[in-house]
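Undergrad: Just dropping this structure here.
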Amino acid sequence: MSNFSIKLSEEKIKVLKDTFKDYIKENKNEYVDTFIQRDDLTITIYKSQKVVFQGNDAFFYASAYLENKANRQAGSDEVGTGDVFGPIVVCSAIIEENDYDYLNEKRITDSKQLNDQYIKSIGKELMSKFKHSLLILDNGTYNKVHETDNLNAIKAKMHNKAYLNLIDKGYDIPKAAYVDQFCSEDDYYRYLVNEKDVYHNLIFETKAEEKYPAVAVASIISRYAFLEYMDKLEEKYKMKFQKGSSDLENIDKTIQLFISKYGKDKLKYVGKLHFKNFDKYQ
């Protein structure tokens, strides 16, 4: 068992508490603010803002909260889950210590804060520069898989595969490897219980794409691949597909137009049929 001690800001302590809120235990030590305990890890947060991580992977967990983020890290993110039309895309990416100047120069941040034009201009360059794994789940396959797996299960399996692919490519995954959290850590691994291989050394954080450059890179590559896929989909079917799910009127018109041109049976190849937008057409 190893120990790792750091002093954190109030903001980071708040994030830490929120991340491990399900594992907070009672502690009567007058100097202790919060005590966190689970099978593989103990975290003691003192009122002085000193935080002690104890466990075999103490540094692994503490690294998520270090002030200096200029280190090797990996990250994964997905896009397309909130879009009525188009695929789900997951990317995992690795950044090195000497990549930070480039990341700052190129304004690399969460893809949701960048416009699609900029993402299209930078996406191919990021794919060439950074070690990554990219998975695209087309609509036909998605609709078939969704009959037995819910959306979070599908995402968990894709994130897991993205990290395993990095290993298959011969890349050394950094200890600091972040997932933009879409479900609890326990649920994530529960979804993978029947998978042959599972990559375990991950740190789960909400809004990770805003905190960790590797996740931001993964989010931009994912978005770039999604946009490229949508362009090809529109070229194939000679019509436009709305992105997102908020433009209900035009989405409905698009579904009607598609059916008139290609029939209801082909909807499964362009849309995610679990969206209520499709209910009256099935």
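Since every read-out is calculated from the coordinates, none of them should be taken as a lab result. This structure is a prediction, so every number in the text was calculated from the model and none was measured. All Cβ positions, even for glycine, are placed from backbone atoms using ideal geometry, and neighbour counts span all protein chains on display.
Undergrad: How high is the FRET efficiency between K7 and S245 when r is their beta carbon distance and R₀ equals 41 Å, given to the nearest 0.05?
TA: 0.40
Undergrad: Continuing with this model, one more query. Determine the dipole magnitude for the chain: charges of +1 sit on the beta-carbon of Lys and Arg, -1 on that of Asp and Glu, nothing else is charged, the reference point is the Cα centre, and the result goes in debye to the nearest 20.
TA: 660 debye
Undergrad: Using Cα pairs under 8 angstrom and six or more residues apart, how large is the relative contact order of the range 73-233, in percent?
TA: Taking the mean separation of contacting Cα pairs over the length of the range 73-233, I get 43 percent.
Undergrad: Also: How much of the calculated P(r) for the range 232-282 lies past 16 Å, in percent of all Cα pairs?
TA: 32 percent
Undergrad: For a 24 Å ceiling on Cα separation, which of these pairs sit above it: K129/K268; K120/K268; K232/K268; K144/K211; K240/K272?
TA: K129/K268; K120/K268; K144/K211
Undergrad: Y171 versus K253, label points 7 Å from Cα toward the beta carbon: distance in nm?
TA: 4.2 nm
Undergrad: Report the extension gain between V193 and Y118 in nm, rounded to one decimal, defined as 0.36 nm multiplied by the number of residues separating them, less their alpha carbon distance.
TA: Here the answer is 23.1 nm.
Undergrad: Run the numbers on the range 2-65 and let me know its relative contact order in percent, using alpha-carbon pairs under 8 Å that are six or more apart.
TA: 39 percent
Undergrad: Using only the Cα atoms, work out Rg/Rh for the chain, with Rh taken as the Kirkwood radius, to two decimals.
TA: A ratio of 1.03.
Undergrad: Got a sec to turn the phi values of the range 209-226 into Karplus ³J(HN,Hα) couplings, 6.51 cos²θ - 1.76 cosθ + 1.60 with θ = phi - 60°, whole Hz, x for Gly and Pro?
TA: Per-residue couplings from phi come out as 5, 8, 10, 10, x, 5, 5, 4, 4, 4, 5, 6, 4, 4, 5, 4, 5, 4 Hz.
Undergrad: Most exposed first by the Cβ proxy, i.e. fewest other Cβ within 10 Å, how do R223, R38 rank?
TA: So the ranking, lowest neighbour count to highest, is R38, R223.
Undergrad: Starting from the Cα of K232, step 7 Å along the direction of its Cβ; do the same at N56; then give the gap between the two resulting points in nm.
TA: 4.2 nm
Undergrad: Cα gyration tensor of the range 175-217, axes a ≥ b ≥ c as square roots of the eigenvalues: rounded (a/c below 1.5), prolate (a/b > b/c) or oblate?
TA: Prolate.
Undergrad: Can I ask one more? Arranged by the count of other C-beta atoms within 10 angstrom, fewest first, what order do S245, S128 take?
TA: Fewest-to-most ranking of S245, S128: S128, S245.
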